[in-house]
């Protein structure tokens with residue numbers, strides 16, 4: 001069962017079946033649902049495929065590699081999801097800071113609802129802070145409704161900007177995106193560790209060297225990494241009022257400053273009284289890797305998140321090191337040069353620099 005926090009309620013929301021007179025008749029629901037699956041099967045039958053990091057295969061759909069379950073979610077978002085003008089979407093490539101940003105955004109948006117001494121983030125993992133749209137969209141049958149969420153609704157996604165419906169991404173839309181990226185070398189290391197834990201025991205493990213080659217060739221869930229980053233970077237340059245582009249490294253270096261930037265973008269700037277009262281520092285402390293990773297709910301057996309019927313992830317698996325520069329413990333100099341060369345080529349002329357220097 002999928003759960004996520006709903007402000008002003010004492011428990012998490014539990015996804016349940018949709019019934020009621022106001023809903024589409026069951027026969028029509030089933031017909032539409034079956035047609036969507038037929039469409040998915042047709043796409044998978046014709047798309048190029050390669051080795052998945054978690055599942056056996058991933059498929060190249062409109063320039064990005066997706067698993068069948070995630071592609072199903074994308075189709076359902078296009079067919080069913082109705083964005084609201086005040087929606088805020090957290091977007092990121094996998095393992096680039098989603099867990100941290102979820103906590104920060106939830107704590108910022110709800111800072112007047114909860115005491116820091118008894119905050120819901122202390123009792124549930126950050127992944128429960130708000131829905132992961134990519135799969136939550138189909139965790140209820142036939143589709144999850146999010147109408148009960150208070151405004152502004154918060155959602156997370158790993159989808160590339162170009163894959164999302166224009167109702168969400170169009171400059172004329174008033175919904176916002178917060179995008180966080182990081183050094184691709186660190187993203188590679190973190191993603192390999194994470195996906196290795198999720199990979200089916202029935203499949204042969206993916207060695208680091210194999211993961212490295214796949215990553216450099218752009219083949220990984222939601223990849224290529226560089227195309228993913230550039231899509232949001234270009235959109236942020238065209239519509240800075242709609243997309244806030246953040247770097248994980250900047251957040252680690254100056255978390256309070258980046259948090260104030262985030263709050264202002266969300267339309268919830270900190271007041272002078274809040275800053276003087278230490279609210280910014282309290283949120284930074286609450287959402288820090290050190291605090292969250294040491295909570296019982298995020299330790300062994302503390303809790304888990306259901307993403308699909310087959311994918312349940314322990315909370316502890318979302319926390320590894322949270323460091324900048326851990327790639328130095330894994331990459332040879334030749335490996336580093338290859339990734340940095342790809343990064344330099346992909347980002348050339350964009351005005352964006354990313355992970356081209358050693359850690360200091």
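Cβ-Cβ contacts under 8 Å between residues 6 or more apart (or on different chains), taken from a first residue in segment 136-152 that is free of Cβ contacts under 8 Å to residues at least 40 places away in the same chain and at positive phi to a second residue that is assigned to a loop (DSSP other than H, G, I, E, B) and buried (at least 16 other Cβ atoms within 10 Å of the Cβ), are absent.
Residues that are closer than 18 Å to residue 225 by Cβ, part of a loop (DSSP other than H, G, I, E, B) and touching a strand residue (DSSP E or B) at 6+ places or on another chain (Cβ under 9 Å) are absent from segment 33-47 altogether. All of (1) at pLDDT 95 or above; (2) under 25 Å from residue 105 (Cα atoms); (3) touching a helix residue (DSSP H, G or I) at 6+ places or on another chain (Cβ under 7 Å) hold for residue 215 with one exception: (2).
Look at residue 230 and say whether it is under 20 Å from residue 173 (Cβ atoms), touching a helix residue (DSSP H, G or I) at 6+ places or on another chain (Cβ under 7 Å) and not in a strand (DSSP E or B). It is false that residue 230 is under 20 Å from residue 173 (Cβ atoms), touching a helix residue (DSSP H, G or I) at 6+ places or on another chain (Cβ under 7 Å) and not in a strand (DSSP E or B). When residue 131 is tested against the conditions (1) in contact with a helix residue (DSSP H, G or I) (Cβ under 8 Å, 6 or more places away or on another chain); (2) at pLDDT below 95; (3) crowded, with 21+ Cβ neighbours inside 10 Å, the lone failure is (1). State the number of residues belonging to segment 258-283 that are more than 22 Å from the chain's Cα centre (by Cα) and over 22 Å from residue 122 (Cβ atoms). Total satisfying the criteria: 6. Exactly one residue out of 173, 220, 200, 167 is within 30 Å of residue 145 (Cβ to Cβ) and in a loop (DSSP other than H, G, I, E, B): that is 173. In this structure, residue 162 qualifies as surrounded by fewer than 19 Cβ atoms within 10 Å (Cβ to Cβ) and either modelled with pLDDT of 90 or more or not in a loop (DSSP other than H, G, I, E, B) (or both).
Taking first residues from segment 253-280 that are at pLDDT 95 or above and partners that are surrounded by fewer than 16 Cβ atoms within 10 Å (Cβ to Cβ) and outside any helix (DSSP H, G or I), the Cβ contacts under 6 Å between residues at least 6 apart in sequence or on separate chains come to 263/269. Do we find a residue being at pLDDT 95 or above, part of a loop (DSSP other than H, G, I, E, B) and within 13 Å of residue 221 (Cβ to Cβ) anywhere in segment 80-93? Checking segment 80-93: at least one residue is at pLDDT 95 or above, part of a loop (DSSP other than H, G, I, E, B) and within 13 Å of residue 221 (Cβ to Cβ). The set of residues from segment 84-123 being touching a residue at least 60 places away in the same chain (Cβ under 8 Å) and surrounded by fewer than 18 Cβ atoms within 10 Å (Cβ to Cβ) comprises 84, 85, 86, 113, 116, 122, 123. Residues in segment 187-211 that are farther than 15 Å from residue 336 by Cβ and surrounded by 15 or more Cβ atoms within 10 Å (Cβ to Cβ): 11 in all.
The values are calculated or read from the model by the stated rules, or taken from the named source; none is laboratory data. Predicted model, so just to flag it, every value in this text is computed and none were measured. Please note: Cβ atoms are built from the backbone with ideal geometry, for glycine as well, and neighbour counts cover all protein chains shown.
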